[in-house]
Amino acid sequence: MTSTLPSLDFQAAFATRVRGMTASAIREILKVTQQPDVISFAGGLPAPELFPLDDVKAATARVLDTAGPAALQYSTTEGHLPLREWIAAQGGIPASNVQIVTGSQQGLDLLGKILISEGDTVLVEAPTYLGALQSFQPYLPNYVQLPTDDGGIDVDALEDILKTTRAKLLYAVPNFQNPTGRTLNLARRRRLVELTAQYGVLVIEDDPYGALRFTGEALPSLYALGLELAGDVDRNHVIYSSSFSKTLVPGLRDAWVQAARPVIQKLIQAKQGADLHTPTLNQMVITELLPILPRQIETVKAAYGERARHMMTRIAADFPTGVHHTVPEGGMFLWVTLPAGLDTQAMLPRAVERRVAYVPGRPFYALGGGENTMRLSYCTATPEQIETGIRALGDTVRDALA
Ligand code: PMP
């Protein structure tokens, strides 16, 4: 049947702000790596065998028994009060400064929506969390990349940039960053918080991994340092975001943002437009699971710490010299830098032929770079997979060097 209607050009119909939007480079890469019997260090998912399945089952039943229909009813945009109160108590702040969001990914999108006007300068680490770039991109920021090393953001470079650029926002993952596994050191945390306060730049501190420190000393959050500096929870220029995705389970999509009241009030309005509220049942189940959270964090930390150490030992044994890797103190990832001139994107098909996969580093750079880098996730791999996979990857790198 031929239609007499004019043909419809969907591409022309899309809003200009999303025309530059493409499928996540990583998702495309993961398709290649998801062949059977490929050992994948490419994934970004938490280890599913550690999920507290029985506890979630029991907690869900208890919530439905005790709360009844209220667990299935619409609820407030701010989020379930007992959950907000628990989060607030952890940070020593009022519950009115805490907003529950549907995954910290939603928090990033909503923060982009309320803070970024077209052309606003947003400072991001090089490399940074790809999902943040995806969240911010539709709001058309002007990115400036901050150089980093094994101590995190180079704060001298940050100061130089702040002197010459009117920046609106700095986005950072200070603990066990995705993708590098690096941690911003204490002296730099203080400098970063002071400099951004002095130049009137808001900071988004994205911290989904902070609780998963398997070695070394915990460091104060940028949020805590910002609070110390401002002396008032509603004058803190640092906006903090964290999540239950990596400590409990990601599928319930429960996370939070804590910030000064003006930011929270605007977030509430933005979230009303997005999804009214985070699912009531999920928030109640997470609240019911809070008593097992410390035990669960210990379990996850122990497993990831062991897997990270194993991977680093095997890298030391099986990679050619001239390859650098980060030494994560927590979280799920480490970052490998090959000698300059090698291209990890071009090398990936060779690695997959050897039945091993990783994520090339370049997509994590807002403005490009890192052609010779890769992200490795150790958190879902068995000891045997780490041994076989790292040997195969070492061979792939050696071939590329030859
Ligand atoms: N921020 C960072 C740095 C992440 O690595 C992730 C998950 N990959 C997220 C935010 C999103 O987490 P969620 O939405 O599950 O809370």
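Read-outs: derived from the displayed coordinates by stated rules, not from any lab. This is a predicted model, so every value here is computed, not measured. Using ideal geometry, Cβ is built from the backbone for each residue, glycine included, and neighbour counts are taken over all protein chains shown.
A simple charge model with +1 on the Cβ of Lys and Arg, -1 on the Cβ of Asp and Glu and nothing else charged puts the dipole of segment 362-401 at about 160 debye relative to its Cα centre.
With neighbours defined as other Cβ atoms within 10 Å of a residue's Cβ, the residues W335, W86 order from fewest to most as W86, W335.
Distance from the C-alpha centroid of segment 23-67 to that of segment 344-402: 22 Å, rounded to the whole angstrom. Between the alpha-carbon centres of segment 163-214 and segment 122-162 there is a gap of 9 Å.
Highest mobility in the GNM of the chain, judged by mean-square fluctuation with C-alpha springs under 10 Å and restricted to A357, A13, A88, is found for A13. Panel order for I39, I390, I264, by other beta carbons found within 10 Å of each beta carbon, from fewest to most: I264, I39, I390.
The ranking of M21, M312 by Cβ neighbour count inside 10 Å, starting from the fewest, reads M21, M312. With R₀ fixed at 30 Å, the C-beta to C-beta distance from L367 to V327 puts the FRET efficiency at about 0.65. Neighbours of Y139 by Cβ distance under 15 Å: Lys/Arg scored +1, Asp/Glu scored -1, total +2.
Say we join alpha carbon atoms closer than 10 Å with springs in a Gaussian network model of the chain; which of E194, E205, E329 then has the biggest fluctuation? So, out of E194, E205, E329, the one fluctuating most is E194. Using 1/(1 + (r/R0)^6) with R0 = 45 angstrom and r between the beta carbons of A316 and A230, what's the FRET efficiency to the nearest 0.05? Here the calculated transfer efficiency is 0.55. Farthest toward the positive end of the dipole of the chain, out of Y378, T337, T278, is the Cα of T278, where the dipole comes from beta carbon charges about the Cα centre.
Considering only alpha-carbon pairs that sit under 8 angstrom and 6 or more positions apart, the relative contact order computed for segment 169-208 is 60 percent.
Computed from the C-beta positions of A402 and T299 and an R0 of 35 Å, the FRET efficiency is 0.25 to the nearest 0.05. Distant-in-sequence amide contacts of L170, defined by a placed amide H-H separation under 5 Å and a gap of 5 or more residues or a different chain, comprise L123, L202, V203, I204. Pairs exceeding 31 Å between alpha-carbon atoms, taken from K31/K266; K57/K301; K57/K266: K31/K266; K57/K266. Each DSSP beta bridge with both residues in the chain is either parallel or antiparallel, and the antiparallel ones are about 50%.
If you build a Gaussian network model of the chain, linking Cα atoms that sit under 10 Å apart, which residue out of V101, V18, V359 swings the most? Maximum fluctuation in the GNM of the chain, among the listed residues, is at V18.
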